[in-house]
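Working notes, structure below.
Throughout, read-outs are computed from the coordinates displayed, never taken from laboratory work. Just so you know, these numbers come straight off a predicted model, no measurement behind them. Cβ atoms come from the backbone with ideal geometry, glycine included; neighbour counts cover every protein chain shown.
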Amino acid sequence: MIDNSDLHISDNRDNLFSFLRSLAKKFSQLTDEKERAFNLLINVWEKTSLDLWEQGYWQDYFRCGKIALKCARTLNHVATEGKLLNELGWALMEREYFTLARQHFNKSLRKFQSIKDADGQCQSLRYLGVLHQRMKLFGSALKYYRRAVTLLATKGREAPSDQRIKWAGHEAELHNLLGNFYLKLWDLPASYRELNLSLKQYRALGEKFCYYQPGPLLNLGRWHFIQGDYDQARRYYQECRLLSKKLHRTDMEAGALLRLAELAEAQGNKEEALSLAQESEEVSGKEITSMRERASQFKYRIKGQNKRSFRRVFHQIRELGLAGLDLLIFAPGTALRAFQHYLTRGFAAKIYRPFKKVLSRRLRLKIHGIAR
């Protein structure tokens, strides 16, 4: 039952769920051997959950994880409960259940704070930062990223030698998250520094952290795409795609395919763009709903079938207003710099990209200089 080599078979995933559920039932009936039963359940979860996640079976991951979380809460295993809250919160966030995800992350943070687990707190803060960034609440996101950086500076450096690799992973991921954050705010120099440092650190950490390299690779591809350097963008996207396929990271593979579709569109290759978007949609499958919907919307837009309703336009305007207000409240200096970066880089780049092919070399160089 613990053998997870055939989890791609639906019946085996159902059997895993049934096994965990029966184990949890026995756990609730036992008195003297609760700890032993719980350890067995967590052992099964830890041996199977990573493959469920990496292979994209997120619904099975969530329903099995809920069983483990309930048992951890019953036995008051605070550290395990905090970890599971973070893991299930991330699964909820990927499905865009943002309110529930935030509740999970906040509960996790409080659990780790109660037992003074700095490593767990850093993870919760990172996840809260990602969540608020996906909600386009950039000021709140930066607030959590900065808290994680502060914790890294104060606690990570003091960590015992056997825990330093964990903190090195936190640091590498924070650089990736900040690089992506600054990219969205058009602070391109800061973004480039952070993303390159993230990729360099992940590679230095070795094979164990190879799973996390697709993130900075995809973001670096996006950075070069924004700059108009399509050849370099393609190289990063392709590297991300191949590595994600090797690692069975279907979420990142689907993301790389969609970015390649956007690149093909920018270069005027409509048929290639549609084909890549279709492939992204297929790789996303039934589990990775947010990416599948993005790929579907991209196809409709390319085909000219994406009609923007008044409600959708109103939602986008409202979302943009809330994002600007949140950034002004929590990071006013960053908000002003973001506005300046957009005027000097973002606006110029958006004008420049559609006309790249028809501009003279001299004029192209001039505009490209402004975009940088």
- Step through the residues of the stretch 252-264 one at a time and calculate ³J(HN,Hα) from phi using the Karplus curve (6.51 cos²θ - 1.76 cosθ + 1.60, θ = phi - 60°), rounding each to whole Hz and writing x for Gly and Pro. 6, 4, 5, x, 5, 4, 5, 5, 5, 5, 4, 5, 4
- Cα convex hull volume per residue for the stretch 127-201 (Å³): 77
- Using the reciprocal of the averaged 1/r over all distinct C-alpha pairs, how large is the Kirkwood radius of the stretch 115-240 in Å? 14.9
- Task: Give the shape of the stretch 38-169 as rounded, prolate or oblate, defined through the alpha-carbon gyration tensor: a ≥ b ≥ c are the square roots of its eigenvalues, a/c under 1.5 means rounded, and otherwise the shape is prolate if a/b is larger than b/c and oblate if not.
- Result: oblate
- Contour minus Cα-Cα span, Y300 to E96, at 0.36 nm per residue, comes to 71.3 nm
- Message: Given R₀ = 51 Å, what would the calculated FRET efficiency be for K107 paired with N269, taking r from the Cβ atoms and rounding to 0.05?
- Response: 0.60
- Which lysines, on any chain, are close to K208 with Cα under 26 Å apart, when same-chain ones fewer than 8 places away are left out? K47, K83, K155, K166, K200, K245, K246
- Pop out the ³J(HN,Hα) list for the stretch 154-161 in order, Karplus 6.51 cos²θ - 1.76 cosθ + 1.60 with θ = phi - 60°, rounded to Hz; leave Gly and Pro as x. 8, 9, x, 5, 8, 5, x, 4
- Task: Could you work out how far apart the two model spin labels at K47 and K245 are, taking each label as a point 7 Å from the Cα in the direction of the beta carbon, and quote it in nm?
- Result: 3.2
